[in-house]
């Protein structure tokens, strides 16, 4: 029923509105950009252009002759036998082990579909280690100081302080209601 009423009001005086719109003066179209007509193949302009293009330019040719390009193929990869023959020395292996530390927090198998890690490079943290360090510092800031966290996880002290200052994952803010009549949850 409402659609009929809306249609009636929409179509009231429709013909007069259409005539008024049609009789309005139309806006003028913007003038087109003046384009120079393309010369035909047989015209004199086309012949002059073709002559200038085909004409030899001696200074440009002499510059072109002075350019010398030398190209070489990239070095071929070493054969697989040579790669297997090169074993890391004991010194290299010892330095790599010294730069890694054992994992402090063990994730349950299959969590986040990550590969199981046993070692972490020094100066780096896994997500689980970072969350554990942040949580322990938040619960016991006097016992778990930035210096102790930096020492336990082989981190830089400056980075550890920045991590504890700017990364706060478990902070809850309770905003009190504006009026006192609102029921509050009692802490148990």
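Quick look at the values:
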| quantity | calculated |
| --- | --- |
| Calculated FRET efficiency for the pair residue 71/residue 51, C-beta based, R₀ 45 Å, to 0.05 | 0.80 |
| Using a Förster distance of 30 Å, the FRET efficiency for residue 3-residue 24 (Cβ separation, nearest 0.05) | 0.45 |
| Ranking of 136, 44 by count of other Cβ atoms within 10 Å, fewest first | 44, 136 |
| Pairwise label distance in nanometres, residue 99 with residue 166, each label 7 Å out on the Cα-Cβ vector | 2.5 nm |
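Readers should treat all values here as calculations from the given coordinates under stated rules, not as data from a laboratory. Note that the structure is a prediction, hence the values are computed from the model and not measured. Note that each Cβ is placed from the backbone with ideal geometry, even for glycine, and that neighbours are counted across all protein chains shown.
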